[in-house]
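**Q** To start, I am sharing the structure in question, which I have written as structure tokens.
The values are calculated or read from the model by the stated rules, or taken from the named source; none is laboratory data. As the structure is a prediction and not an experimental result, all values here were calculated from the model. Don't worry about glycine lacking a Cβ; one is built from the backbone with ideal geometry, like all the others, and counts go over all protein chains shown. Keep in mind that these areas ignore ligands, DNA and RNA; they rest on the heavy atoms of the full protein, side chains included. Shrake-Rupley method; radii C 1.70, N 1.55, O 1.52, S 1.80 Å.
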Amino acid sequence: MLLPGLAPSAPDRPDALVVGERAMSTSELVAAADSLAGRLTGAPAVAVHATPSIETVVATLAGLAAGVPVVPLPADAGPLEAHHILTDSGAVVVLASPDAEVSWDGTHLPGGGEVEIAPVDVLALLRSEGSAPAPRPVDDAAVAMILYTSGTTGLPKGVPIRRRALAAGLDGLAAAWAWGPDDTTVHGLPLWHVHGLVLGVLGPLRLGGKVRHTAKPTPAAYAAAVGAVAGGGGSAVVFGVPTIWSRLAAEPAALAALRPARLLVSGSAALPGPVWEAVGAGAGQAPIERYGMTETLITLSARAEGERRAGWVGVPLDGVETRLVDDAGDPVDHDGESVGTLEVRGPTVMDGYLHRPDATAEVFTADGWLRTGDVACIDRGGWHRVVGRRSTDLIKTGGYRVGAGEVEAALLGHPAVLEAAVIGEPDADLGQAIVAYVVAGDVSPQELIDHVGRGLSAHKRPRRVELVDSLPRNAMGKVQKALINPPA
Ligand code: MCA
Ligand code: AMP
């Protein structure tokens, strides 16, 4: 069973799920999700407009109960990205909060027709309790969800995640963090990624714990949520991306309010050493770091009861294997200094991208290991340190993975744009900031930023657009991004 925390035998907790100001009990979650599940059975896939809301959680649980692959649609997706995700995944219905604002209604599906946007009315679902057929047991090899993630070029690729991979990944983390029914997991992360949705919602619901989502990931909201959990005698496990930890570190009062938490966890991007230190000093404990990818779920983590080391992401979870290879594919020594490309294998790794045998073949080695594209070292004790990525065209901004090629293609879709090169510039707050260098006719930087946000997702907008006369190219005509110099 994927979510034993929602089984009839599990305790009925009045505040099993809190999102912002709204709470649902375990029994309400089950009743609402089962009621909706009855209407989804047999659908090829169901999309969920993943706003930070109880509706997103109910819709996701309904898809899982019906055995229909759930496709979380970024809440800030523009029409281009939404259309791609809906057509590629085959989802014909989008479950959304009744008050959701969508910029892509009227999206046409390949077979004609328009996508149906179905409002999730939680109160009505609770009233109709009992009318829905009981969801059937679902095979653990079935696809639970399809998450979309960016590559260096093209539109995002779908990663089908099987139920057994979710179960293995969450149980591995439960063992690493002693994460269980007594914990309330606190975070304010987007609900369409592994971090916020799989770990931050399905994790606690699998383990019989509680979820407290802050709606916005502000330092004040984190402080209040930990205070509420601790005030009720609960144990808080707090999740954040490095940008969230860095913003907390800049607000000492909010950081100090995290002192009662049992565990602080950072992931999705590299946590800078000074932020790790500042959180340790201000919150009474340094965060533990863990590492993963959409394609692999979480594969490495420091242990709750073990050592915490700034800049190191720990050791493999149960069942996961890792290795380092050089450019020739030969093994790299695990001496804590030599760097190589990290490859992983294990029960949480995807089988392949949806409809993309070409991309799947590229990412797997002949002997079945997944090439992460991350450059790392491993020490004699098996601890891993991620030192960078092989491709500079995959940008991590605020923990979001954004392909430079996807943003470049969106920019080139503007009639005034002739050439575009997108890079991730070092940024103290976001890790990397998306910056575009553009050769264009008569157009303002802001218009181009807005243009990207209208087509793709808001978080894929360049933070800055520099209009330039030309881009540096080599003799073959390829843009030399390393030679692009920010204006003084
Ligand atoms: C943002 N803003 C902009 C631009 N970008 N304005 C103009 N131009 C831009 N280019 C606006 C926002 O809309 C917002 O406006 C304001 O700036 C500040 O935004 P805010 O949300 O505070 O911050 P942010 O800088 O936009 O976002 C920081 C963040 C966010 C909240 C940390 O990046 C975030 O939620 N990151 C989490 C990503 C994540 O979960 N990744 C997991 C994937 P306004 O205030 O008007 O709205 S990784 C994964 O799943 C794995 C497997 C793993 O390892 O975990
Ligand atoms: P995503 O698929 O969005 O989860 O992005 C996966 C990528 O995030 C990885 O390939 C890494 O580059 C990066 N990443 C995730 N966790 C960490 C971490 N703890 N430290 C450094 N990079 C990380």
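**Q** I'd like the projected area of segment 364-481, averaged over all directions, using the convex hull of its alpha carbons. Report it in nm² with one decimal.
**A** Hull-based average projected area comes out at 10.2 nm².
**Q** From the P(r) of the chain, could you give the percentage of C-alpha pairs in the tail past 30 Å?
**A** Here the tail beyond 30 Å accounts for 47 percent of pairs.
**Q** Report the rotationally averaged projected area of segment 266-392 based on its alpha-carbon convex hull, in square nanometres.
**A** Computed as one quarter of the Cα hull surface, the answer is 8.5 nm².
**Q** Then there's this: Using the Kyte-Doolittle scale, which helices in the chain average at least -0.5 and also have C-alpha atoms spread 20 Å or more along the helix axis, with helices defined as whole DSSP H runs?
**A** 26-40, 163-177
**Q** Of all alpha-carbon pairs in segment 403-460, indicate the percentage at a distance above 19 angstrom.
**A** Cα-Cα pairs of segment 403-460 separated by over 19 Å account for 24 percent.
**Q** Let me know the Rg and Dmax you get for segment 241-282 when you use only its Cα atoms, in Å.
**A** So, for segment 241-282, Rg and Dmax equal 9.5, 25 Å respectively.
**Q** Compute the Cα gyration tensor for segment 1-105, then decide on rounded, prolate or oblate, letting a ≥ b ≥ c be the square roots of its eigenvalues: rounded whenever a/c is under 1.5, prolate when a/b is larger than b/c in the other cases, and oblate in all that remain.
**A** oblate
**Q** Right, here's the next one. By the scheme Lys and Arg +1, Asp and Glu -1, what is the net charge of all other residues having a beta-carbon under 12 Å from that of Leu456?
**A** Charge balance in the 12 Å sphere: -2.
**Q** If you don't mind, another one. Ignoring ligands, DNA and RNA, what accessible area per residue does segment 431-488 give at 1.4 Å, in Å²?
**A** 56
**Q** On the protein heavy atoms, probe 1.4 angstrom, tell me the percent of accessible surface of the chain carried by carbon and sulfur.
**A** 54
**Q** Rounded to the nearest 500, what is the 222 nm mean residue ellipticity of the chain from helices alone, with -39500 (n - 2.57) per DSSP H run of 4+ residues and division by all residues?
**A** Dividing the helical sum by the residues of the chain leaves -7500 deg cm²/dmol.
**Q** Suppose we flag trypsin sites (Lys or Arg not before Pro) only when DSSP calls them loop and at most 11 other Cβ atoms lie within 10 Å. Which is the longest uninterrupted stretch of the chain?
**A** Result for the longest clean stretch: 1-379.
**Q** Related question: For segment 22-82, what percent of Cα pairs sit more than 16 Å apart?
**A** Counting pairs separated by more than 16 Å, the tail of P(r) holds 44 percent.
**Q** Counting only GluC sites (Glu not before Pro) that sit in a DSSP loop (anything but H, G, I, E, B) with at most 12 other Cβ atoms within 10 Å, what is the longest stretch of the chain containing none of them?
**A** Counting at most 12 other Cβ atoms within 10 Å as exposed, the longest clean stretch of the chain is 102-304.
**Q** Label points 7 Å out from Cα along the Cβ direction at Asp121 and Arg323: separation in nm?
**A** Modelled inter-label distance: 5.7 nm.
**Q** When the dipole is taken about the Cα centre of the chain, and only Lys, Arg (+1) and Asp, Glu (-1) are charged at their Cβ, what size is it in debye, to the nearest 20?
**A** About 640 debye.
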